[in-house]
Amino acid sequence: MSKREDDCIFCRIAKGEIKSEKVLESNNFFAVLDIHPKSEGHTLIIPKKHFVTLLDIPNNLGQELLEFIKKVASNLMDQKRADGFNIVMNNLECAGQIVRHAHIHVIPRNEGDGIIGMV
Ligand code: 5GP
Ligand code: ZN
C-alpha cells in the first residue's frame, strides 16, 4: 500500500478505519452521507479503489457506476427526501476537488430550497 492511500480519507473509510454512514454498496463502489451536507440526504458515491478523478475510473466500471448513481438518486426520491437532485463531480483543485479520491455528489433538491453554487 502506497503512502498516498494510507493518507487518503476515503480509502480509510473504504477500509472501515474511519466510521461513516454507508447507505449502499456494490462490488466497486459505496455510498456515504456527506459530513457537511448541502441538503438532507447529500450522498457521496466513492469507488473502493483509489482513483483521483473521473479520468482514472476504468471504463469497464461505467455501467456499474451509472446503475449505482441511479439507485442512490431514486432511493432519495422514493424516500420522499427529494423532488429532484443534482449530480456533481469536482475534478482536481481548480474545479473545487478537496478530497483527492474520486467521488460523485448526489444532492437532493426541493422546490425553493435556495441552494446555489453547485459548481
Ligand atoms: P469535494 O470538494 O472534494 O468534491 O468534496 C469533498 C466532500 O467530502 C465534501 O462535501 C466534504 O463534506 C466531504 N467529506 C470530507 N471528509 C469526509 C469524511 O470524513 N466523511 C464524509 N462522509 N464526508 C467527508
Ligand atoms: Zn483514496
_Net +/- balance of residues flanking LYS71 in space, Cβ distance below 11 Å, scoring K and R +1, D and E -1_ = -3
*Would you calculate the separation in nanometres between label points at GLU64 and ARG4, each defined as 7 Å from the Cα along the Cα-to-beta-carbon direction?*
2.1 nm
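Work out, step by step, the length gained on full extension between LEU24 and ASP78: first 0.36 nm times the residue separation, then minus their alpha carbon distance; give nm to one decimal. The partial results should precede the final answer.
On the way: separation 54, 0.36 × 54 = 19.44 nm, distance 1.47 nm.
Value of the extension gain: 18.0 nm.
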_D_trans [Stokes-Einstein, Kirkwood Rh over alpha-carbon pairs] for the range 3-109, 37 °C, 0.692 mPa s, µm² s⁻¹_ = 234 µm²/s
_Contour excess over end-to-end distance, with Cα ends at VAL99 and VAL52 and 0.36 nm allotted per residue_ = 16.1 nm
*State in Å² the accessible area per residue of the chain; use a 1.4 Å probe, count heavy atoms of protein chains only, and round to the nearest integer.*
63 Å²
*Lone cysteines in the chain, going by a 4.7 Å Cβ-Cβ cut-off?*
CYS94
*Assigning unit charges at the beta carbon (Lys, Arg +1; Asp, Glu -1) and nothing else, what dipole magnitude in debye, to the nearest 20, does the chain show about its Cα centre?*
220 debye
_Most to least packed among 74-81, 25-32 [average Cβ atoms within 10 Å]_ = 25-32, 74-81
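The values are calculated or read from the model by the stated rules, or taken from the named source; none is laboratory data. No experiment lies behind these values; they were computed from the predicted model shown. Ideal geometry is used to build each Cβ from the backbone, glycine not excepted, and the neighbour counts take in all protein chains shown. When the accessible area is computed, the model is the full protein with side chains, heavy atoms only, and any ligands, DNA or RNA have been set aside. Shrake-Rupley method; radii C 1.70, N 1.55, O 1.52, S 1.80 Å.
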